[in-house]
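Engineer: Pasting a structure below so you can have a look.
The values are calculated or read from the model by the stated rules, or taken from the named source; none is laboratory data. For clarity, every value in this text was computed on a predicted model and none was experimentally measured. Backbone-built Cβ (ideal geometry, glycine too); neighbour counts: all protein chains shown.
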């Protein structure tokens, strides 16, 4: 059986656009002032990491709460759902492989996939998707992370990445950038 691993955020959905465009509201579940809330939100939208060495901080709690909302509200990228349905119809084993902390986001992730009619066989959190694909014998990875695009080919993983907002052209490591999910169909059949 042919197997493909597919990322969620900014690959199958518009996570970053959702984070940027949503008017998040401070409520009683946010235990800090409006100024701190707005400062954290601005920091999160800039993509800034936590400055602390601690694993759990007020900011990391804030980030997790906002990300949970984005997981629910993000929209599928154009053609993504149709591509996933094509994979299912053509007997591909589909592995959703995400950086999301599924200990916290498992239910929201499954609900989003179900709401959009996206069938899959496995759902995993993986910090290093190239190692994950190698361990599972997965030849194809659809992912927006530049690290995977650059290094996947060296380890026998064919990486395809969305070009949304990125320049087209070859990537070191042999990854292929795509504008539409339809472009992937002949590539994964080669």
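Engineer: Do any helices (runs of 4 or more DSSP H) lying entirely in region 88-181 carry at least 2 residues that are at pLDDT below 95 and closer than 15 Å to residue 6 by Cα, and which ones are they?
Structural biologist: On the way: elements: 102-115, 129-136, 146-151.
So the answer is 146-151.
Engineer: In region 98-106, is there at least one residue being closer than 18 Å to residue 12 by Cα, surrounded by 14 or more Cβ atoms within 10 Å (Cβ to Cβ) and without any contact (Cβ under 8 Å) to a residue 60 or more places away in the chain? Spell out the reasoning first.
Structural biologist: Taking region 98-106 first, the residues closer than 18 Å to residue 12 by Cα are 98-102, 105-106.
Then keep just the ones that are surrounded by 14 or more Cβ atoms within 10 Å (Cβ to Cβ); that gives 98-100, 102, 105.
Those still in the list that are without any contact (Cβ under 8 Å) to a residue 60 or more places away in the chain too: 102, 105.
Yes.
Engineer: Looking only at region 1-59, how many residues end up being surrounded by 12 or more Cβ atoms within 10 Å (Cβ to Cβ) and outside any loop (DSSP other than H, G, I, E, B)? So that I can check it myself, show each step before the final result.
Structural biologist: Taking region 1-59 as the starting set, the residues that turn out to be surrounded by 12 or more Cβ atoms within 10 Å (Cβ to Cβ) are 2-19, 22, 24, 26, 30, 32, 36-41, 43-45, 48, 50, 57-59.
This time we only want the ones that are outside any loop (DSSP other than H, G, I, E, B), so: 3-6, 13, 15-19, 36-41, 43-45, 58-59.
Number satisfying all stated conditions: 21.
Engineer: Further question: Return the residues of region 67-81 that are in contact with a helix residue (DSSP H, G or I) (Cβ under 7 Å, 6 or more places away or on another chain), assigned to a helix (DSSP H, G or I) and surrounded by fewer than 18 Cβ atoms within 10 Å (Cβ to Cβ); say none if nothing qualifies.
Structural biologist: Once the filter is applied, which keeps residues that are in contact with a helix residue (DSSP H, G or I) (Cβ under 7 Å, 6 or more places away or on another chain), assigned to a helix (DSSP H, G or I) and surrounded by fewer than 18 Cβ atoms within 10 Å (Cβ to Cβ), region 67-81 yields 68, 72, 73.
Engineer: Which residue out of 85, 93 is in contact (Cβ under 8 Å) with a residue 40 or more places away in the chain, within 24 Å of residue 122 (Cβ to Cβ) and surrounded by fewer than 18 Cβ atoms within 10 Å (Cβ to Cβ)? Break it down stepwise before answering.
Structural biologist: Working: 85 fails: in contact (Cβ under 8 Å) with a residue 40 or more places away in the chain.
Result: 93 is the single residue among 85, 93 that is in contact (Cβ under 8 Å) with a residue 40 or more places away in the chain, within 24 Å of residue 122 (Cβ to Cβ) and surrounded by fewer than 18 Cβ atoms within 10 Å (Cβ to Cβ).
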